[in-house]
Amino acid sequence: AQSVTQPDIHITVSEGASLELRCNYSYGATPYLFWYVQSPGQGLQLLLKYFSGDTLVQGIKGFEAEFKRSQSSFNLRKPSVHWSDAAEYFCAVGLFFSSGSARQLTFGSGTQLTVLP
Amino acid sequence: DVKVTQSSRYLVKRTGEKVFLECVQDMDHENMFWYRQDPGLGLRLIYFSYDVKMKEKGDIPEGYSVSREKKERFSLILESASTNQTSMYLCASSPVGTPGETQYFGPGTRLLVL
């Protein structure tokens, strides 16, 4: 079965510093990969996704992620963090259901980001 | 913009009660999902529906059922609520037929079972 690991439960960075959130997946083929963000009291918002092509993906809010097949990783990066980036971040793997009808998302356990002023 | 709405943001119920959580999407999406979110566990799929009256079990369907009578509405039912069903419940919808279909999430319902 597919799985997603986010090894960092909580990360603290200073405003203006760079950020990297780690994500590793386990799956036999190249999956569809997603990063979502959840602000306090809110639902999840898609930051970016990868399904083919260029392995460096640009997303909203200045985020990017790089797919590395050899490392089974899809790490999220941002060169300069803003206080408004404080939130919980989820990596997810997308796969088809056995019926072929749609794609199930398997989520990691999340990384909580704190931004210091 | 896609909008997914959930009937309640907060809900308090007693053990043994029947609980209905409602979700409505306004983008004519074929697929709808119910997840529960617990600290340290991320989101786990409860049920999924790919068409009216069609459903598939997710990873943790025990203790839950679903109903989809209309395309835009997907209900999660707790037949007899238990304290271990205290959680945040998130509904999502997605279209069919495009690569890397995006799931759009509602704001969530935080359920407390006493």
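The values are calculated or read from the model by the stated rules, or taken from the named source; none is laboratory data. These numbers come from a predicted model, not from an experiment. No Cβ is skipped: glycine too gets one built from the backbone with ideal geometry, and neighbour counts run over all protein chains shown. Accessible surface is based on the protein model in full, side chains and every heavy atom, while ligands, DNA and RNA are left aside. Shrake-Rupley method; radii C 1.70, N 1.55, O 1.52, S 1.80 Å.
Conditions (1) modelled with pLDDT under 95; (2) surrounded by 20 or more Cβ atoms within 10 Å (Cβ to Cβ); (3) on the phi > 0 side of the Ramachandran plot, marked per residue:
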residue	(1), (2), (3)
B:Phe20	no, no, no
B:Glu30	yes, no, no
B:Arg36	no, yes, no
B:Leu43	yes, yes, no
B:Val66	no, yes, no
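Against the numbered list (1) in contact (Cβ under 8 Å) with a residue 12 or more places away in the chain; (2) not in a strand (DSSP E or B), A:Tyr25 comes up short only at (2).
Scan A:Gln2, A:Gln42 and give me the residue that is within 24 Å of B:Pro39 (Cβ to Cβ), within 14 Å of chain B (Cβ to nearest Cβ), in contact with a Phe, Trp or Tyr (Cβ under 6 Å, 6 or more places away or on another chain) and surrounded by fewer than 19 Cβ atoms within 10 Å (Cβ to Cβ). Break it down stepwise before answering.
Details: A:Gln42 fails: in contact with a Phe, Trp or Tyr (Cβ under 6 Å, 6 or more places away or on another chain).
Answer to the selection: A:Gln2.
Looking at region A:67-77, is at least one residue within 14 Å of another protein chain (Cβ to nearest Cβ) and among the aliphatic types (A, V, I, L, M)? Taking every residue of region A:67-77 in turn, none turns out to be within 14 Å of another protein chain (Cβ to nearest Cβ) and among the aliphatic types (A, V, I, L, M).
Here's a check for you: in region A:8-18, which residue that is assigned to a loop (DSSP other than H, G, I, E, B) and open to solvent by 60 Å² or more (accessible area, probe 1.4 Å) is nearest to A:Ala86 (Cα to Cα)? My answer is A:Glu15. Using beta carbons and a limit of 6 Å, which pairs, at least six apart or on different chains, have the first residue in region A:45-66 and within 13 Å of another protein chain (Cβ to nearest Cβ) and the second one surrounded by 14 or more Cβ atoms within 10 Å (Cβ to Cβ) and among the polar types (S, T, N, Q)? From residues that are within 13 Å of another protein chain (Cβ to nearest Cβ), the pairs are A:Leu46/B:Thr102.
When every residue of region A:19-28 is checked against the conditions, none turns out to be open to solvent by 40 Å² or more (accessible area, probe 1.4 Å), out of contact with any Gly (no Cβ under 6 Å at 6 or more places or on another chain) and of a type in the set (A, V, I, L, M, F, W, C).
Just to be sure before I move on: is B:Leu112 among the aliphatic types (A, V, I, L, M), modelled with pLDDT of 95 or more and open to solvent by 70 Å² or more (accessible area, probe 1.4 Å) in the structure I sent? For B:Leu112, the condition - among the aliphatic types (A, V, I, L, M), modelled with pLDDT of 95 or more and open to solvent by 70 Å² or more (accessible area, probe 1.4 Å) - is met.
Considering only region B:16-73, state which residues are within 19 Å of A:Gly43 (Cβ to Cβ), within 12 Å of chain A (Cβ to nearest Cβ) and of a type in the set (Asp, Glu). Selection gives B:Asp38 alone.
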